[in-house]
Amino acid sequence: MPPAIQIEELTKDYAIGFWRKRPYRALDRLSLAIEAGEVFGFLGPNGAGKTTTLKLLMQLIFPTSGRAEILGHPVGHVATRRQIGYLPENPYFYDYLTAEELLDYFAQLFGYAAADRRTRVSRLLDKVGIGAERRLQLRKFSKGMVQRVGIAQALINDPAVIFLDEPMSGLDPLGRRDVRRLILELRDQGRTVFFSSHILADAEALCSRVGVVAGGRLAAAGRLSDMLAFEIRGWELVIANASPESLARLAPIARKTTDISHGRYSVELSLDHPPEQVLADLSAMGASVVSLNPIRDTLEDFFVRRVAEAGSARSVEEAAHARD
Amino acid sequence: MRAISRIAVSVFRESVRDRVPYNLVLFAVLLIASSFLLGQLTAGQDVKIIKDLGLAATAVFGLFIAIFIGIGLVSKEVERRSIYALLAKPISRPELVLGKYAGLVLTLAVNVAVMTIALYVVLAYMTWTTPPALQTAWDAPGVDPALLKAVFLIFVELMLITGLALFFSTFSTPMLSAALTFGLYIVGHFNADLRNFEQVVESRSAAWLARGLYHILPDLSAFDVKTQVVHGLAVPGGYLALTTGYGLLYIAALLIAATFIFSRRDFK
Amino acid sequence: MKATPAGIGSRGATAVAVAGVIGCLSAAVGLQIARDRIHAGETRETERILYVRSGEAAKRLALDFDALWADVYWIRAIQHYGGERLASARDRKYELLFPLVDLTTTLDPYFTIAYRFGAIFLSEAAPGGPGRPDQAIALLRKGYAAQPGKWQYLHDIGFVYYWHYRDFKTAAMWFERAADLPDSPTWLRPLAASVLGAGNDRASARFLWNQILQSEEEWLKRTAERSLRQLDALDAIDQLQAIARRFPPPPGQPYSWESLVRRGILRGIPADPAGTPFDIDAATGAVSLSASSPLHPLPHRQTAPAS
């Protein structure tokens, strides 16, 4: 089964400045493959190239080099768009139309018959939680409601691949929960979801795989659990019946000791000291071990570290270029 | 094909919701009011003035619609970014451009038709209330079918101006598009004077330049047969055909260029 | 760094688009040229119906672009004049010439060339021109009212009286008035005197035209050249007339150039300065300018006294 989305060495340069001195590289040789049925989180700080990537995939802009395919066809193939849905960032639709009319208009572009359109439109508006407001003109909608309409229009054609650019933006916590549920539902239906976000919590909750971009480059990509699995920062040891002597023994190697209560302590050990030896010592001293758990990186830690790495790599490169 | 018509209808619907029909009411009121006022003036001239006013107003209102909606056709969508969601649907960029053009032409057609009907209604009323003896002084009958020739050419001219506005709006801002289109409108109406330049200037190269410009710039003065029609002079079918053909070919060139530019643009 | 759509064969598509645009525009221009050629007549008809006749109305309509509109009307005036000249003699009406030039000068009162050339156009005798020296003088007076320091206008008025009305006293008076102005050239006063004195002679006429020949404006120069050639033609006619009278043909034979050439009196068929052969009346031997000559009609037809 070919990947649903295949991106190879995708690069986008912009010419900036009045005299066109230097091209600004918004995206640098991005390569990714997203399998069918995946929920892929495309993460990165603002300005990292997430929206650029999505616009390249929707052929709103053209690549400087590289290529991409969706469902086996090159990006820009018009017929493939029948199976794609797209929610742009901070969407704006025609504010003189009502929500119903907008969805109906888009449905018309797919060529659905009138009765079919009616069912689709009302079903989707129900699903995204737009009730009687659907007959109001969009200019009267709040940002959150426009976002919901945006999601609805992305799904009007039951697409196999859905692209969402910052789908949670403008939504309150309830709205975000609804969208999360929706995305999981899409996954359960076997659809592929590619969404970009700078909110890591959403990615943690939804994605099977993630990619991290910073400064236009892919800093890391892979299964969430894989990426975080190797990144053990330390160990958390919970002991009971610890005597002051055993605590004193632990003090030099413990990064942090927390008194839980009644003789229970939580001790944070660094990676330098293998836990096996500590356990042996402790039981010799009469303390009992309640639990031993690895302390993993959160996605945030991972993210911040990778972004910093990418940033420094980029500035090194730019300095080298400037010298030339 | 279906996509083009859908987009065209959407443009038309937008123009309706955009309060464009109000200018039609203004036009009708203008005509009716002036016809009553002019009824008091010297007999014989009021029909001519109504016809002049009616045709000129049709041309001017049509011009405003063509320019102000035309420049926004593409650039407003791009600026507001509603085009992002639109282009994700199964329509190609050329279909989008052509659909927008067709929509504005449709809007213009409806507006021009309504204004023409209003004009004829007023003229019919005038003809009905004027004694036949006075009517013999008129250059042309009150309810004159020849007026339609002038209206037709006005409409073709408006299609051309719309094409210009659309062309500019594929790559420049609304302000600049309006200025350029309006500028070409004015220059285009002085085109006939460019043709006679060689009789006035001394250097051959200036004369050649003027000639070249005469051919390249849109020759809008040729579409103006209002004077002939109002005075009852003949407008031969051959003239209509050649001028219309000129207009359609020029429009085709503009649409090809607009589609080409639009298809290659990055939408930031 | 301009990105192009990948995989569409973009250079091929560009070529097709450019070809399409050029093709359509060329075809459009072709239709335009065809229409201009076939339907030129209609436009002449329409121009007779000048929309705005009143200068004041034009000034108001012109908003702030008076000078530009003056240029436009001037171009149309010339085009009207040229168009009428090209039409057959029967159809020449020139009826728009004065309104157009009047509009031009109302919109731009300092438009010297419009006054001077307009006056020349207007005073040119029928059938070649409108034959309205009265309008010419009115125009020049208007110019003088706008710019009282310009001696050229007064000189031109005098000239119209001299050349077209043959009113030498009035002409001399105007030349005197022109001479009174500060910047006027020194030859104006002697000119006035000689016009008053010998009025009808060609020498002062030649002098006047030679002055105009000095002007920088191409139009005035050409008119002056033509008039000078007309004067030369008049001289030539006098000489030929004398010859024809002195050497009449044998009795029973008509006057003709061929007989004079055969008899060795003339070297060849005499032609006017424009190259058209003169006419000679077969019966009376009267020499005249051919009607087909570009110099026709001659201003003062003078017959030399019969010898």
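Tabulated results
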quantity	calculated
Under-5 Å amide H pairs with C:Arg132, H placed in peptide plane, nonlocal only	C:Ser123, C:Glu124
Order of A:Arg306, C:Arg263 - criterion: other Cβ atoms within 10 Å of each residue's Cβ, fewest first	C:Arg263, A:Arg306
Cβ-Cβ FRET estimate between B:Met175 and C:Ala193, R0 fixed at 60 Å, reported to 0.05	0.35
Cα Rg over Rh - region B:2-264, Kirkwood	1.03
Gained length - A:Trp19 relative to A:His262, 0.36 nm times residue gap less alpha-carbon distance	80.3 nm
Given charges at Cβ of Lys, Arg, Asp, Glu: the protein assembly as shown dipole, positive-most of B:Tyr214, B:Thr162, A:Leu247	B:Tyr214
Tail fraction, Cα-Cα pairs, region B:57-99, threshold 13 Å, whole percent	62
Lys pairs, chain A - Cα-Cα below 28 angstrom, 8 or more residues apart or on other chains	12
For region A:5-222: relative contact order, % (alpha-carbon pairs under 8 angstrom, 6 or more apart)	31
C-alpha center-to-center spacing [region C:91-121, region B:102-181] in angstrom	34
Candidate aspartates and glutamates - alpha carbon under 13 Å from C:Lys142, same-chain residues fewer than 8 apart omitted	C:Asp102, C:Asp108, C:Asp134, C:Asp156
Label-point gap, in nm, between C:Asp281 and A:Glu245 - each point 7 angstrom along Cα→Cβ	16.1
Ranking of A:Val290, A:Val193 by count of other Cβ atoms within 10 Å, fewest first	A:Val290, A:Val193
Distance in nm between pseudo-label sites at A:Ala36 and B:Ala234 (7 Å out along the Cβ direction from Cα)	7.2
Averaged over B:242-253, number of beta-carbon atoms from partner chains that fall within 10 Å	6
Chain B: angle of helix B:93-129 to the longest principal axis, Cα-based, in degrees nearest 10	10
Distance histogram for region C:224-288 (every C-alpha pair counted, 5 angstrom bins, percent rounded to whole numbers)	4, 18, 28, 25, 13, 7, 3, 1, 0
Acute angle (nearest 10 degrees) that the helix B:45-80 long axis makes with the longest principal axis of chain B, alpha-carbon atoms	10
Ellipsoid semi-axes in whole angstrom, largest first, where each is sqrt(5λ) of the Cα gyration tensor of chain A	46, 28, 17
Cα pair count fraction exceeding 25 Å, expressed as % - region C:108-254	31
Percent RCO, i.e. relative contact order, over region B:2-264, from Cα pairs under 8 Å lying at least 6 residues apart	27
Between helix B:21-38 and chain B: long-axis angle, C-alpha atoms, 0 to 90°, nearest 10	20
Scaled radius of gyration (Cα, divided by 2.2 N^0.38 Å) that the protein assembly as shown gives	1.50
Charge dipole (chain A, unit charges on Cβ, about Cα centre) - positive-most of A:Gln153, A:Asn293, A:Leu174	A:Gln153
Options B:Gly99, A:Leu138, C:Leu234, ranked by Cα towards positive dipole end of the protein assembly as shown, top entry (Cβ charges)	C:Leu234
Net charge over other residues, Cβ less than 14 angstrom from the Cβ of C:Lys169 (K, R count +1; D, E count -1)	0
Debye log10 I(q)/I(0) at q = 0.23, 0.28 Å⁻¹ for region C:131-184, Cα point scatterers	-0.80, -1.08
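Here, each number is a calculation from the coordinates, and none is a lab measurement. Because the structure is predicted, anything quoted here is derived from the model rather than measured. With ideal geometry, Cβ positions are generated from the backbone for all residues, glycine too; neighbour counts draw on all protein chains shown.
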